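The structure under discussion appears below in the form of structure tokens.
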């Protein structure tokens, strides 16, 4: 059965979708069978893999029980990487689910049909802690947190860890925090290095040693519908995500 990892951060613009897409691509490149679940109504993870989300059925239809997730999974240009795509219908899902029974388990239930088909399922969550993100955490075995190397990173990470603990206490006791990944790191600035040291100091066991640099090539790749692995395989950003995928597998095995 697949290990399900939910990529979560309540703040936008921290590299959450970029990390979800490129980590999934590199896990597939390392020989794993991976499903990327796009739970963000903006559908950036889907379009970043070259899919046209307009009219494309996916995560919403699976959660609503309109179709089986098995029938909604899409192939990508990466061998071993599939996508359950997002479409604009997800934007209304939070409202529609409010009065539903077990509303926080809709994604969990939808993924039961495909869990045995993959080694890993990566969930890209919206930049909020609403009902969709709660579904994303309840469906997961562990949580991965991208953290931008900026002044408020420490405070934001602490708040998010408290939220994960609340989900553990009230809904999903077995949920674990796999760790946090530092993104948009600029080694030339004193601030980035100070943030890095503070994060290692306060969360020594929870910070991945693989650091993702700030990169123009990484920012360009989604506009071409490609991961950094296909867009610029020789770049520092691609090597960083390759190291992250290897460290991810090592942590998961431990």
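The values are calculated or read from the model by the stated rules, or taken from the named source; none is laboratory data. Everything numeric in this text was worked out from a predicted model, so none of it was measured. Counting neighbours? That spans all protein chains shown, and the Cβs are built from the backbone with ideal geometry, glycine included.
For segment 49-66, how many residues meet the condition of being touching a strand residue (DSSP E or B) at 6+ places or on another chain (Cβ under 9 Å) and in a loop (DSSP other than H, G, I, E, B)? Counting residues in segment 49-66 that are touching a strand residue (DSSP E or B) at 6+ places or on another chain (Cβ under 9 Å) and in a loop (DSSP other than H, G, I, E, B) gives 5.
Residue pairs whose Cβ atoms lie under 6 Å apart, separated by 6 or more positions or on different chains, with the first residue in segment 86-105 and over 14 Å from residue 126 (Cβ atoms) and the second assigned to a helix (DSSP H, G or I) and at pLDDT below 85, are 103/97.
Of the set (1) closer than 30 Å to residue 215 by Cβ; (2) touching a residue at least 24 places away in the same chain (Cβ under 8 Å), all apply to residue 155 but (2).
Selection of segment 119-156 for residues being out of contact with any helix residue (DSSP H, G or I) (no Cβ under 7 Å at 6 or more places or on another chain) and surrounded by 22 or more Cβ atoms within 10 Å (Cβ to Cβ) yields 133, 140, 144, 148.
Looking only at segment 167-188, decide whether some residue is assigned to a helix (DSSP H, G or I) and within 27 Å of residue 79 (Cβ to Cβ). No, that holds for no residue. Identify, please: which residue in segment 62-79 is free of Cβ contacts under 8 Å to residues at least 40 places away in the same chain and touching a helix residue (DSSP H, G or I) at 6+ places or on another chain (Cβ under 6 Å) and is, among those, surrounded by the most Cβ atoms within 10 Å (Cβ to Cβ)? Restricting to residues being free of Cβ contacts under 8 Å to residues at least 40 places away in the same chain and touching a helix residue (DSSP H, G or I) at 6+ places or on another chain (Cβ under 6 Å), the top hit is 72. Of the candidates 171, 207, the single residue that is crowded, with 18+ Cβ neighbours inside 10 Å, farther than 22 Å from residue 45 by Cβ, touching a helix residue (DSSP H, G or I) at 6+ places or on another chain (Cβ under 6 Å) and at pLDDT 85 or above is 207. Any residue at all in segment 181-202 that is under 19 Å from the mean Cα position of the chain (by Cα) and surrounded by fewer than 12 Cβ atoms within 10 Å (Cβ to Cβ)? Among the residues of segment 181-202, not one is under 19 Å from the mean Cα position of the chain (by Cα) and surrounded by fewer than 12 Cβ atoms within 10 Å (Cβ to Cβ), which makes the answer no. Would you confirm whether any residue within segment 33-51 is surrounded by fewer than 21 Cβ atoms within 10 Å (Cβ to Cβ), closer than 19 Å to residue 137 by Cβ and in contact with a helix residue (DSSP H, G or I) (Cβ under 7 Å, 6 or more places away or on another chain)? Taking every residue of segment 33-51 in turn, at least one turns out to be surrounded by fewer than 21 Cβ atoms within 10 Å (Cβ to Cβ), closer than 19 Å to residue 137 by Cβ and in contact with a helix residue (DSSP H, G or I) (Cβ under 7 Å, 6 or more places away or on another chain).
Among the listed residues 124, 119, which satisfies the condition of being at pLDDT 90 or above and more than 19 Å from residue 16 (Cβ to Cβ)? Write out each step before concluding.
Working: 124 fails: more than 19 Å from residue 16 (Cβ to Cβ).
That would be 119, the only listed residue that is at pLDDT 90 or above and more than 19 Å from residue 16 (Cβ to Cβ).
Quick one: is residue 235 free of Cβ contacts under 8 Å to residues at least 60 places away in the same chain, more than 24 Å from residue 128 (Cα to Cα) and more than 20 Å from the chain's Cα centre (by Cα)? Spelling it out, residue 235 is indeed free of Cβ contacts under 8 Å to residues at least 60 places away in the same chain, more than 24 Å from residue 128 (Cα to Cα) and more than 20 Å from the chain's Cα centre (by Cα). Restricting 89, 99 to those that are crowded, with 16+ Cβ neighbours inside 10 Å and at pLDDT below 95 reduces the list to 89.
For segment 73-151, the strands (runs of 3 or more DSSP E) that sit wholly inside it and include 2 or more residues that are within 21 Å of residue 11 (Cα to Cα) are 120-124, 142-148.
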